[in-house]
Amino acid sequence: RRVHGGSKVREGVFMTGQSHLLQIATQVCFGTSSVVSEAAIHGLNPILFSFFRSVFATPVLHLLAHREMSNLRKSGNTTTRTSFRRKDKTLIAQAALCMFLGKLLCIIGIKLTSSVAMSIWMPTQQFFALGIGVLSGTEFVSRNKIIGMLVGFVSCAFMVLWSANDNTSHNRHHHHHHHTLFTQQQQSQHPVNALIGQCVLLFASLSLAGYYVLSQRLVANRYTPMHVIAWVFTIDSVISLFALLISLNSTVLDFVCPPPYGTCGSGTTFPPTAVLPLSYVVVFGTVIAFSFSIHAAKYLAPSVLTAYSVLQPLTASLLSWLAILLTPPPHMHLHGPGWGDLGAIGVLIGLWIVIHDKSEENTYSKERSKSVSSVGSRKEYAAVTGIEPL
């Protein structure tokens, strides 16, 4: 019995470590996809882009879900649920709505502002996730966790803002007369639209935090991760279709595609240049990223899952350095390391503090492990958290 218990503990530690690696890979996919999306949606209805993203990713996710379920059946697993209970159907619908709002508001926010603004707002997910968790009784607040989150968020904002300032100064110094997508957007932004764009990104962050909290509850209730994410995107695709039809109204279209640089024709125009970016976002920014993230949700609390969002600007910097090394001048007009990249040190320190705190105090995986020791504790845990332990 002791050997069996020890092997379970070692397995749990291994899976938790693997989940951290999955979240790192997830943020790499998200970070690169945000840059690719910014390039793709120029002259394109962002709601159309979001619709295609969901529609093309959904069948792939269902195929992966079917394969995962088949593997579990072959291994003799009899505890995993294959259909959603009535109360969990409500959760899956809520998770899908949060997913839809998160994706849609992100793409609209980028259109109204830039990927720079999105990189600053996305790390606020961890504060929203922690707040939701505290209110629902599934998360615990500690001084170290708050300090780590603040250090990571401030360092992330420093990296993004300082790098943007460096790039602007560099362009002025060398008297560049070409306009990048970012400068075009900045020049075309009406102050009101820019302010609305910042608010849109804030609500996008809140929506995504809600998705992480709800999806983890579904995974904890004995549904396979891919089964959950496949149905989330199925419902999201239906909602996106209705949103697309609404966006064809001229007033709505002018809002999400502000002239002169943001015009997107009739709203259904899809330029050939957007095919490859969309393909990248579907494969890496959707199928791979959300598959990794939903598997990590089995072992990591939502506040830890979302804490990794501070890695997005760090990922962008590393990819820029790699592109400069591998391409001839002018290196796609990318710029090398600057003072803003020192913020990466704070990002890593803040993230380490959050992870260390979660590994030492009241982690979700520890609470779930203790809850399965007896029938009584299972009922108590479910009553307090709303999560039925495995």
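Worth pointing out:
- Check on A25, assigned to a helix (DSSP H, G or I) and either at pLDDT 90 or above or surrounded by 20 or more Cβ atoms within 10 Å (Cβ to Cβ) (or both): yes
- Per-region count, the stretch 229-254, residues over 15 Å from L44 (Cα atoms), hydroxyl-bearing (S, T, Y) and exposed (fewer than 13 other Cβ atoms within 10 Å of the Cβ): 1
- Residue count for the stretch 200-255, restricted to those that are polar (S, T, N, Q) and under 26 Å from I288 (Cβ atoms): 9
- Across the stretch 155-167, a minimum of one residue is classified as farther than 27 Å from A230 by Cα and at pLDDT 80 or above.
- Residue match in the stretch 118-129 (condition: open to solvent by less than 10 Å² (accessible area, probe 1.4 Å) and more than 17 Å from the chain's Cα centre (by Cα)): no
- From the options V275, V283, residue that is part of a helix (DSSP H, G or I), open to solvent by 10 Å² or more (accessible area, probe 1.4 Å) and at pLDDT 90 or above: V283
- The single condition among (1) under 26 Å from the mean Cα position of the chain (by Cα); (2) modelled with pLDDT under 80; (3) outside any helix (DSSP H, G or I); (4) not acidic (D, E) that S365 does not satisfy is (3).
- Looking at G43, G102, just one residue is small (G, A, S), in contact (Cβ under 8 Å) with a residue 40 or more places away in the chain and at positive phi, and that residue is G43.
- Condition check for F290: in contact with a Cys (Cβ under 8 Å, 6 or more places away or on another chain), modelled with pLDDT of 85 or more and surrounded by 15 or more Cβ atoms within 10 Å (Cβ to Cβ): no
- Exactly one residue out of R73, R86, R81, R53 is modelled with pLDDT of 90 or more and charged (D, E, K, R), and it is R53.
- Applying a threshold of 9 Å to beta carbon distances and a minimum spacing of six or more residues, or different chains, the list of pairs starting in the stretch 225-246 at a residue that is over 13 Å from Y211 (Cβ atoms) and touching a residue at least 24 places away in the same chain (Cβ under 8 Å) and ending at one that is open to solvent by 30 Å² or more (accessible area, probe 1.4 Å) and of a type in the set (S, T, Y) reads H227/T80; H227/T82; L244/T268.
- Qualifying residue in the stretch 83-99 (condition: open to solvent by less than 60 Å² (accessible area, probe 1.4 Å), part of a helix (DSSP H, G or I), in contact with a strand residue (DSSP E or B) (Cβ under 9 Å, 6 or more places away or on another chain) and of a type in the set (D, E, K, R)): yes
- The selection criterion, being part of a helix (DSSP H, G or I), basic (K, R) and open to solvent by 80 Å² or more (accessible area, probe 1.4 Å), does not hold for R53.
- Test: residue in the stretch 181-194 that is open to solvent by 50 Å² or more (accessible area, probe 1.4 Å), over 25 Å from F255 (Cα atoms) and either at pLDDT 80 or above or more than 18 Å from the chain's Cα centre (by Cα) (or both): no
The values are calculated or read from the model by the stated rules, or taken from the named source; none is laboratory data. Predicted, not measured: the structure shown is a model, and the values here were computed from it. Positions of Cβ are generated from backbone atoms using ideal geometry, with glycine treated the same way; all protein chains shown enter the neighbour counts. Just so you know, the surface numbers come from the protein's heavy atoms only, side chains and all, with ligands and any DNA or RNA stripped out. Shrake-Rupley method; radii C 1.70, N 1.55, O 1.52, S 1.80 Å.
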